[in-house]
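J.: Got a structure here, written out as structure tokens. Questions coming.
No value in this document is a laboratory result; all are computed from the given coordinates. Since the structure is predicted, the reported quantities are computational estimates derived from the model, not experimental observations.
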């Protein structure tokens with residue numbers, strides 16, 4: 001029982017910590033705790049259809065693409081990254097797009113990060129209970145911050161889309177909504193490609209693995225540094241979306 005508790009805590013503490021850090025950055029008008037809990041729960045729920053779609057994609061792409069290079073690229077970008085980000089986005093939009101609480105641009109970042117970290121928490125539980133505490137340490141340093149970063153960029157463009165929607169700019173709104181999925185998918189896909197490539201492109205002496213590992217580490221460090229600076233700027237430049245009233249319209 002103690003071992004189970006340790007594994008569970010090791011799984012959930014990193015995403016909870018990052019969720020609290022992002023939530024604390026929303027200084028103008030913090031979001032209601034009940035909404036935050038719903039977003040985290042729905043993020044965890046998003047993990048379930050993502051797993052099913054990923055298994056399906058792995059099978060379909062496996063019989064479609066015989067070339068390993070092509071298969072790996074399609075699998076990580078379309079079969080994993082795109083699937084996961086779309087599943088997160090689906091629940092994000094369902095819960096928040098018309099919410100009266102969504103009245104500042106930084107709210108979009110808070111919402112998307114909570115969904116992403118809910119997703120990451122359930123995914124982390126599955127990995128840690130399958131592979132042990134060592135996996136918890138690695139994922140706490142890499143995968144969990146990765147999901148948080150993907151959520152930050154999803155939320156940034158999601159907040160921009162909401163602002164464009166209020167301003168009566170449907171084309172700009174649609175572009176921002178596309179970018180809110182596309183940018184996290186690209187960042188996520190590159191991350192997964194480098195991680196999977198270390199397992200696939202390895203010769204006997206590990207001569208192929210080392211340079212890919214170094215590229216992966218540099219990519220993660222640069223992504224972390226840039227995103228930390230960016231999210232601070234996003235928080236400092238936060239602005240109200242609809243100062244006086246809420247004016248929804250349908251996007252064609």
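J.: Kirkwood Rh, Cα Rg: Rg to Rh for segment 63-159?
T.: That ratio is 1.06, to two decimals.
J.: Counting helices only, and only those DSSP H runs with n ≥ 4, report the 222 nm mean residue ellipticity of the chain as the sum of -39,500 (n - 2.57) divided by its residues, in deg cm²/dmol to the nearest 500.
T.: After summing the helix terms and dividing by the residues of the chain, the value is -27000 deg cm²/dmol.
J.: Which value does Rg/Rh take for segment 30-99 over its C-alpha atoms, Rh per Kirkwood?
T.: 1.16
J.: Mind jotting down the distance between the C-alpha centroids of segment 73-114 and segment 151-203, whole Å?
T.: 9
J.: Hey, in the GNM for the chain with a 10 angstrom Cα cutoff, which one of 164, 188, 147 fluctuates hardest?
T.: 164
J.: P(r) for the chain, please, calculated from all Cα pair distances in 5 Å bins and given in %.
T.: Bins of 5 Å from zero give 1, 6, 13, 17, 18, 17, 12, 8, 5, 3, 1, 0, 0, 0 percent of pairs.
J.: What relative contact order, as a whole-number percentage, does segment 154-197 give when Cα pairs under 8 Å and 6 or more residues apart are counted? Please report the intermediate quantities before stating the final value.
T.: Values: 28 pairs, mean separation 17.5, N = 44.
Answer for segment 154-197 is 40 percent.
J.: Something else about it: Can you tell me the length gained on complete extension of the stretch residue 28 to residue 172, counting 0.36 nm per residue apart and subtracting the Cα distance?
T.: 49.3 nm
J.: Continuing with this model, one more query. Any idea what the relative contact order of the chain is, in percent, if you count C-alpha pairs under 8 Å spaced at least 6 apart?
T.: 25
J.: Continuing with the same structure: What residue among 235, 24, 140 shows peak mean-square fluctuation when the chain is described by a Gaussian network model with Cα springs under 10 Å?
T.: So, out of 235, 24, 140, the one fluctuating most is 24.
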